[in-house]
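The next block holds one structure in the form of structure tokens; read it before the comments.
Read-outs: derived from the displayed coordinates by stated rules, not from any lab. Quantities reported herein were computed from a predicted structural model and do not represent experimental measurements. We place every Cβ from the backbone using ideal geometry, glycine too, and count neighbours over all the protein chains shown.
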Amino acid sequence: MAYVDLNPVRANMATTPEASEYTSVKERIKPQFNPDLAVKEQIEHQNLLRFTIAAKPLARFEGNEKNGQHNGILFSLVDYLELVDFTGRIIRPDKRGAIPDNLPPVLERIGIDLETWHTNATEFDSIYCKRFTKPRERKRLANTA
């Protein structure tokens, strides 16, 4: 996965993975693709006659959970971003590009400090509910918790 996210950097088409239009890193940092909407638009434009399987977003990072069933990636997103950033800085003679050494670390580049990231990751449900749901929906979610 990191190899694919670094392809635009290694091909010298982007300075960083988050600067490329075609990486999961960019989509995870600033989501723009809605698979359900994309399928609906393709059907409306008659580019797609039918689509019988569920459209799925990117797999989510679950961290290092050890118990229970796993549906996502057993890695934290912070660790993955740092791995891609570190790997992308390694200069390889067989590749045209690398992340420049003079750029700050990835979390700093995307404007997130570790404390904020930790809060957002560990308190996602309550933060999401407060910021992105309508008052009536907030009440319903609180009653089901």
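Computed from phi, the 3J(HN,Hα) profile of the range 95-102 under the Karplus parametrisation 6.51, -1.76, 1.60 (θ = phi - 60°) reads 10, 7, x, 7, 6, x, 5, 7 Hz, with x in place of Gly and Pro.
Apply the a/c threshold of 1.5 to the C-alpha gyration tensor of the range 2-110 and tell me whether it is rounded, prolate or oblate.
On the way: a/c = 2.54, a/b = 1.44, b/c = 1.77.
The shape class here is oblate.
How much length is gained if the chain between residue 27 and residue 41 is pulled fully straight, taking 0.36 nm per residue apart and subtracting their Cα-Cα distance, in nm to one decimal?
Full extension of this stretch gives 3.1 nm more.
Note on 50, 96, 10: ascending count of other Cβ atoms within 10 Å places them as 50, 96, 10, the fewest first. Modelled spin-label separation between residue 101 and residue 115, with each label point placed 7 Å from Cα along the Cα-to-Cβ direction: 3.1 nm.
Please report 62, 44 as a ranked list, fewest other C-beta atoms within 10 angstrom at the top and most at the bottom.
Details: 62 15, 44 9.
In increasing order of surrounding Cβ atoms, one gets 44, 62.
May I ask you to sort 3, 22, 80 by Cβ crowding, counting other Cβ atoms within 10 Å and putting the fewest first? The partial results should precede the final answer.
Working: 3 9, 22 13, 80 19.
By the 10 Å Cβ count, ascending, the order reads 3, 22, 80.
In this rough spin-label picture, where each label sits 7 Å from Cα along the Cβ direction, the residue 122-residue 3 distance is 3.6 nm. For the range 2-110, what relative contact order do you get, as a whole percent, if you take Cα pairs closer than 8 Å and at least 6 residues apart? Answer for the range 2-110 is 28 percent.
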